[in-house]
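Peer 1: Could you have a look at this structure, given as structure tokens, before my questions?
The values are calculated or read from the model by the stated rules, or taken from the named source; none is laboratory data. Computed from a predicted structure; not experimentally measured. Glycine gets a Cβ as well: all are built from the backbone with ideal geometry, and neighbour counts include every protein chain shown. For accessibility, only protein heavy atoms count, side chains too; no ligands or nucleic acids. Shrake-Rupley method; radii C 1.70, N 1.55, O 1.52, S 1.80 Å.
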Amino acid sequence: MDFAYNDDQELLRGVTRRFLEERHPMALTRTRLEAESTFDRGVWRDGAELGWTALVVPEQYGGGSVTDQPVVDLAAVAEEAGRALFPGPLLSTNVVADAVAAYGDEQQRQQFLGAIARGDCVATWCTTADGSAEADAIGVEAVPAPSGLKLDGVARFAHDAHEADLLLVSCQAPSGPTLVLMPLPAPGVSFRVLGGLDLTRRLCEVSFESVEAAGHQILGAVGAAGPAIDRAYRLATVLQSAEAVGAAERVFEITVQYAKDRRQFGRAIGSFQAIKHRLADLLIELEGARAASWYAALAVADDRFDRDEAVAVAGAAVRDAFAFIAGESVQIHGGIGFTWEHDAHLFMRRAKVEQLLFGDPDWHRERLCRLAEAKAPV
Amino acid sequence: MDVDIPEIPSRYDAYRQGLREFIVGNLPELAFKQRSGLRAPEDPEDVVKLRRWVRGLHDAGYGANRDDPFEARISIEELERTRIPYVLGNPLVAGAIVRFGTEQQRAAYLPAIASGEHIWTQLFSEPDAGSDLTSLRTRAVLDGGHYVVSGQKVWSTWAQFSDFGYLLARIGSGAGRDGITAFILDMKSEGVTTRPLREITGTTDFNEVFLDSVRIPVENMIGEPGAGWSVAQASLAHERGTLPGDKEQDPAGALVRAARHRRRGGRAAIEDGAVRQQIGRVAARSLMERYLGYRVQTRAANNQTAAWDAPLVKIWFSELNLEVADYALRLLGGRGALVEDEPLAHEDGRWQDTFLYARSWTIAGGSNEILRNVIGERALDLPREPRGDR
């Protein structure tokens, strides 16, 4: 029984925290709240040197992890990214790297993995037209063409797609779901940054108009990407949960400090049980979320028997906890929490948006109900 | 990172087999029905049978407190399955005696606790000192080689059948933690009167205990005079960290079964999206309880226990337990109104009993409101609320 990050993972986490505090402080994030791009390629490359994009890449392609559980290593990094409300596509790039490592052929691995690990290739995943994880919500159609496939349609809510060097595109082919690797720029692919609630991160609409994809761009076989897409969603949920835990932890710390400093009626407001008990409730939800997030990372890393259940628990609970904590943090701050200048709303905005992506919590609760039914004999 | 519990080696198969045979040959037949929670029997004959059963387990080398961790695990696994109690009363005093007791106390009491020969009760709470335990008023006055103790205790589990009590009383005229002292009380002493309470469940697990000039020998003090608060904190921290073994192992599965039986709007309730969401929520939160347990165990093993670990786990468990029972009754429809021994009751009314008993867990062992104060003040270092009485 050793349900904690080990020393190497803690080291990675500490280095990442210091790096982000120095190179991507909230003050920097705030200068870009209303800018077209929140992404800083210099910070990304230096982050890559710390291993951010190399952990799920096998050693022979220039990657390497700190333990034999790369997904847990990566979750430790993602917690820190979340803590800083880091804008970059850490989750998406790693999901693409993992998909290429698991399902790519030798040429695809050679072409993309080293560049991703070095931080030279920023990658993102185009999932569905509505941001859900429903199979029938894939909005890009792939039809056979002389060169391979021709793509038409739209994907939305892709992290930083307009800054990316590589897209992984979920498509619907006549024979079934298909994944296509699309290096950018590519003729017929256009981008629009969506006006979004989360000011710290840019989500894009990506349109495909008669886009040619050669055979060597197809990841795995045409029509057979179901398992690869499931795997990508599992990793996305693990990393999304880890980011949510880190962000929730940070906004909780800020709020506890405020409850100690702010005085009304001659007392620190944290001495009132109305506030104290609410903070206790936030800690309870934070610690439950952390346990769920860690367990999901562990279950995916080790391919445990209860992997799908663990991922669904994290998907159902962690972002709801983050949204609860961030919302109550604004409330406990009172009027100052309602101001643009205070950071609380940035966390609340991030929380609300994360609840909607890669399968919302209700979707995961439905999965848990199905799993419970399967385990309870009629 | 891992959560693996080492597999029990095959050389322990004989131990398990022996225990199973012992259970078949010795399991007592009781008048008392095992319900939810930590129940005391209602028939004194059952207590005699249970004492014989626990003593027999110990003497045959199958008690739940084996030193060998694999044997202890096997014993608990097999004995839990019997649904017959194998720990009688409240043995938490053992931790206090191990840590704060004298050599003589250890020799006199620990083996008898382990063997089940002595049944213990806890004499902490008072009518005006529940969540605010430091307000306790039971007094102990030194008189030669004895303390003379008077006062009233309440919520003492198993007191009506206990041999000894783990007592907190106050020496001197101080307030708060001042003077609180821990004692071993022989329940047969003159001046001890036990009156069983009937709870909302209709059964009797708790008692009032009246102490009228009871003489306790000085050598029955645990720890130093006035050190009782630290002694008690050590035991209570342990109590809050240990949860009942009888809890529902798969609450989501139990709700699925109930939802299949209930019809709603012309279809089984399990097909109703609102029901499915609630079952999904219960599944998530019961699994998170397990994951939280892994964290707490890992921290404890590394001597890194956080101030919030025990209260957080207790709040999580007790509130989920109540939520599950409450929802199960709703899912059962009209049958949710029926209790045990009613032929139409679902699963002999176990959910109704769990629903009633659930309030014991949200109140006992530090009410959840007090535990939120503990989290706020000890874990988050928030300032205390001023007291109104001093």
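Peer 1: Between the helical axis of A:361-375 and the dominant principal axis of chain A, each derived from Cα atoms, what acute angle in degrees is found, rounded to the nearest 10?
Peer 2: 80 degrees
Peer 1: Let me ask something additional. Counting only residues 5 or more places away or on other chains, whose amide H sits under 5 Å from the amide H of A:Gly131 once H atoms are built in the peptide plane?
Peer 2: The list, which skips near neighbours in sequence, is A:Arg156.
Peer 1: Taking only Cα atoms and a 10 Å spring cutoff, compute GNM fluctuations for chain A and point out the largest among A:Phe347, A:Phe265, A:Phe157.
Peer 2: Among A:Phe347, A:Phe265, A:Phe157, the largest mean-square fluctuation in the Gaussian network model of chain A belongs to A:Phe265.
Peer 1: Using a 1.4 angstrom probe and counting only protein chains, how large is the accessible area of A:Ile229 in Å², to 10?
Peer 2: So the heavy atoms of A:Ile229 present about 20 Å² to solvent.
Peer 1: So what are the ³J(HN,Hα) numbers for the stretch A:157-166, from phi and the Karplus equation (6.51, -1.76, 1.60; θ = phi - 60°), rounded to whole Hz, Gly and Pro as x?
Peer 2: Residue by residue, the stretch A:157-166 yields 6, 7, 4, 6, 4, 5, 9, 7, 9, 8 Hz.
Peer 1: In addition: Which ³J(HN,Hα) values, rounded to whole Hz and listed in residue order, are derived for the stretch B:72-84 from phi using the Karplus coefficients 6.51, -1.76 and 1.60 in 6.51 cos²θ - 1.76 cosθ + 1.60 with θ = phi - 60°, glycine and proline given as x?
Peer 2: 4, 4, 4, 4, 5, 4, 6, 6, 4, 5, 6, 6, 10
Peer 1: For chain A, take the longest principal axis of its alpha carbons; what is the angle in degrees between that and the long axis of helix A:90-103, to the nearest 10 within 0 to 90?
Peer 2: Tilt of helix A:90-103: around 40 degrees.
Peer 1: Could you tell me what percent of the accessible area of the stretch B:120-226 is made up of carbon and sulfur, with a 1.4 Å probe and every protein chain present?
Peer 2: Details: 2210 of 4500 Å².
Exposed carbon and sulfur together represent 49 percent of the surface.
Peer 1: With chain A treated as a Gaussian network of Cα nodes joined by springs under 10 Å, which of A:Gln69, A:Gln273, A:Gln172 yields the largest mean-square fluctuation?
Peer 2: Its mean-square fluctuation being the largest, the pick is A:Gln273.
Peer 1: Next question, about the same structure. Could you tell me the relative contact order of chain A? Use alpha-carbon pairs under 8 Å, at least six residues apart, and round to a whole percent.
Peer 2: Values: 727 pairs, mean separation 60.9, N = 378.
Result for chain A is 16 percent.
Peer 1: Using only Cα atoms, find the angle between the long axis of helix A:273-301 and the longest principal axis of chain A, and express it within 0 to 90 degrees, rounded to the nearest 10.
Peer 2: That works out to roughly 30 degrees.
Peer 1: Rounded to the nearest 100 Å², what's the accessible area chains B and A bury against each other, both chains counted, probe 1.4 Å? Kindly include the intermediate steps, with their values, before the conclusion.
Peer 2: Numbers: alone 20410 and 15970 Å², together 31980 Å².
Summing both sides, the interface buries roughly 4400 Å².
Peer 1: Measuring from label point to label point, each 7 Å out along Cα→Cβ, what is the A:Ala186 to A:Arg32 span in nm?
Peer 2: 2.5 nm
Peer 1: Shifting gears a bit: I need the calculated FRET efficiency for the pair A:Arg263 and A:Glu341, taking r as the beta carbon distance and R₀ as 22 Å, to the nearest 0.05. Please list the in-between numbers first.
Peer 2: Details: r = 21 Å, r/R0 = 0.94.
FRET efficiency, A:Arg263 to A:Glu341: 0.60.
Peer 1: Right, here's the next one. Tell me what chain B gives for mean residue ellipticity at 222 nm when only DSSP H runs of n ≥ 4 count, each as -39,500 (n - 2.57), the sum divided by the residue total, rounded to 500 deg cm²/dmol. Don't skip to the end; give the middle numbers.
Peer 2: On the way: 11 runs with 164 residues, N = 390.
After summing the helix terms and dividing by the residues of chain B, the value is -13500 deg cm²/dmol.
Peer 1: Separate question: Output ³J(HN,Hα) for the stretch B:296-313: one whole-Hz value per residue in order, computed from phi by the Karplus curve 6.51 cos²θ - 1.76 cosθ + 1.60 with θ = phi - 60°, and x for Gly and Pro.
Peer 2: So the J values, rounded to whole Hz, are 5, 4, 5, 5, 4, 5, 9, 6, 10, 3, 8, 4, 8, 3, 5, x, 5, 5.
Peer 1: With a 1.4 Å probe and all protein chains left in place, how much accessible area per residue does the protein assembly as shown have, in Å²? Display every interim value, and only then the final one.
Peer 2: Numbers: 31980 Å² over 768 residues.
Result: 42 Å² of accessible area for each residue.
Peer 1: With a ≥ b ≥ c taken as the square roots of the eigenvalues of the C-alpha gyration tensor of the stretch B:120-226, please select rounded if a/c is under 1.5 and otherwise prolate if a/b is larger than b/c or oblate if it is not?
Peer 2: Numbers: a/c = 2.18, a/b = 1.41, b/c = 1.54.
Since a/c reaches 1.5 but b/c is at least a/b, the shape of the stretch B:120-226 is classed as oblate.
Peer 1: In addition: Grab the Cα-Cα distance for B:Ala227 and B:Arg267, subtract it from 0.36 nm times how many residues apart they are, and report the gain in nm with one decimal. If you can, show how the numbers build up before the last one.
Peer 2: Details: separation 40, 0.36 × 40 = 14.40 nm, distance 6.26 nm.
Difference between extended and current length: 8.1 nm.
Peer 1: Under unit Cβ charges (Lys, Arg +1; Asp, Glu -1), what dipole magnitude, rounded to 20 debye, does the stretch B:243-379 have relative to its Cα centre?
Peer 2: Working: 20 positive and 18 negative charges, 116 e Å.
Here the stretch B:243-379 has a charge dipole of around 560 debye.
Peer 1: Further question on the same structure: Give the average, rounded to an integer, of partner chain Cβ atoms located within 10 angstrom of each Cβ in A:361-369. Numbers along the way, then the final one.
Peer 2: Values: counts 4, 5, 1, 2, 9, 5, 2, 10, 15.
Partner Cβ neighbours, averaged per residue: 6.
Peer 1: For a quick check of understanding: with a 1.4 angstrom probe and all protein chains in place, what accessible area in square angstrom does A:Met1 have, to the nearest ten?
Peer 2: My reading of the accessible area for A:Met1 is about 70 Å².
Peer 1: Which far-off residues, 5 or more places away or on another chain, put their amide H under 5 Å from the one on A:His159, with H placed in the peptide plane?
Peer 2: Close amide H contacts, sequence-distant or interchain: A:Trp125, A:Cys204.
Peer 1: Compute a Gaussian network model of chain B, connecting alpha carbons closer than 10 Å, and tell me which residue from B:Gln122, B:Gln297, B:Gln277 fluctuates the most.
Peer 2: B:Gln277
Peer 1: On to the next question. In the stretch B:1-73, which trypsin sites (Lys or Arg not before Pro) are in a loop and have at most 13 other Cβ atoms within 10 Å, using DSSP for the loop call? If you can, show how the numbers build up before the last one.
Peer 2: Values: sites: B:Arg11, B:Arg16, B:Arg20, B:Lys33, B:Arg35, B:Arg39, B:Lys49, B:Arg51, B:Arg52, B:Arg55, B:Arg66, B:Arg73; in loops: B:Lys33, B:Arg35, B:Arg39, B:Arg66.
Those that pass, being in a loop and sparsely packed, number zero.
Peer 1: Under a Cβ-only charge scheme (Lys and Arg +1, Asp and Glu -1), can you give me the dipole magnitude of the protein assembly as shown about the Cα centre, in debye to the nearest 20?
Peer 2: On the way: 85 positive and 109 negative charges, 327 e Å.
Using Cβ point charges on Lys, Arg, Asp and Glu, the protein assembly as shown gives about 1580 debye.
Peer 1: Then there is this: Taking H placed 1.01 Å from N in the peptide plane, check which residues at least 5 places from B:Leu123 or on another chain put their amide H under 5 Å from its amide H.
Peer 2: Under 5 Å from the amide H of B:Leu123 lie the amide H atoms of B:Tyr166, B:Leu167, B:Leu168, each far enough along the sequence or on another chain.
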